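Quick notes on the structure that follows.
The values are calculated or read from the model by the stated rules, or taken from the named source; none is laboratory data. In this text, all values refer to a predicted model and were calculated from it rather than measured experimentally. Note that we place each Cβ from the backbone using ideal geometry, even for glycine, and neighbour counts take in every protein chain shown.
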Amino acid sequence: MFAVLKTGGKQYKVQSGDMLRVEKLAADAGEKVQFNEVLMLGGDKPVVGAPFVAGAAVQAEVVDQIKGDKVIHFVKRRRKHGSKRTKGHRQQLTVLRVTDILEKGGDKSGVKAAMGAGSVAAVAVAAAEAKKPAKKAEPKKAETKKAEPKAEAKMAEPKKAAPKKAAKVEADDLKQLSGVGPALEKKLHAAGVTTFAQIAAWGEAEIAEFDEKLSFKGRIEREGWVAQAKKLAKG
């Protein structure tokens with residue numbers, strides 16, 4: 001007895017025990033699949049479907065998922081600025097072993113229906129399985145008991161007072177020093193000098209450092225900023 005089945009847009013004539021390579025199916029190796037689109041049953045009394053034989057089915061076992069031979073696709077455009085393009089392709093295939101041909105009872109069989117890997121039906125089944133909510137693991141009783149005293153301890157701990165921010169020192173008007181304008185005042189602020197008290201505390205080392213750092217060229221000593229700053233700091 002033989003059957004003519006349809007899968008992947010192709011027709012195959014099969015008998016029980018035949019090895020078959022078809023377009024890739026959504027099934028793993030070792031799984032059993034069933035083809036319900038049977039076009040014809042052959043034997044003592046051949047039956048031709050219209051288009052399929054009602055209740056007939058072909059069952060098979062998935063042996064392996066493979067790739068077919070490489071096919072080279074070459075395109076060349078003969079133009080002034082023509083182009084060439086080469087593509088290689090290996091079709092994905094499923095190797096099957098036909099186990100049984102059913103004349104009747106195929107619709108009631110519990111075997112997984114054969115579906116193409118990229119078919120609408122296979123995608124819908126995969127989407128339905130993905131939407132199933134995962135079961136949440138119930139917490140162990142021992143863990144819940146241990147967690148309770150920790151939570152109580154946290155509630156009992158007094159909140160630590162936030163550290164007080166240091167009071168901001170108001171900057172003096174450094175433009176009161178002779179020879180200091182807005183531009184020089186900005187330079188001094190950028191260097192961290194904002195009060196008369198800071199300038200009044202300068203010694204020879206600090207004067208030389210700021211003279212070189214800010215390119216004052218001896219202005220600090222020439223204008224007598226330290227003496228002026230001492231008087232201004234006293235108010």
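Please work out which residue is surrounded by the fewest Cβ atoms within 10 Å (Cβ to Cβ), limiting yourself to region 19-46 and to residues that are more than 44 Å from the chain's Cα centre (by Cα) and in contact (Cβ under 8 Å) with a residue 12 or more places away in the chain. Within region 19-46, the match that is surrounded by the fewest Cβ atoms within 10 Å (Cβ to Cβ) is Gly43. For region 121-138, indicate whether the set of residues that are in a loop (DSSP other than H, G, I, E, B) and modelled with pLDDT of 80 or more is non-empty. So far as region 121-138 goes, no, none of its residues is in a loop (DSSP other than H, G, I, E, B) and modelled with pLDDT of 80 or more.
For region 144-198, what are the residues that are within 53 Å of the chain's Cα centre (by Cα), at pLDDT below 80 and of a type in the set (Ser, Thr, Tyr)? Thr144 - this is the single residue of region 144-198 that is within 53 Å of the chain's Cα centre (by Cα), at pLDDT below 80 and of a type in the set (Ser, Thr, Tyr). Going by the structure shown, is Lys13 surrounded by fewer than 19 Cβ atoms within 10 Å (Cβ to Cβ) and assigned to a strand (DSSP E or B)? Yes, satisfied. Could you tell me whether region 75-90 includes any residue that is touching a Leu at 6+ places or on another chain (Cβ under 7 Å) and at pLDDT below 95? No, there is no match, as no residue in region 75-90 is touching a Leu at 6+ places or on another chain (Cβ under 7 Å) and at pLDDT below 95.
Here Lys45 does not qualify as among the basic types (Lys, Arg) and either at pLDDT 95 or above or touching a helix residue (DSSP H, G or I) at 6+ places or on another chain (Cβ under 6 Å) (or both).
Residues satisfying the criterion are absent from region 35-58 (criterion: polar (S, T, N, Q) and outside any loop (DSSP other than H, G, I, E, B)).
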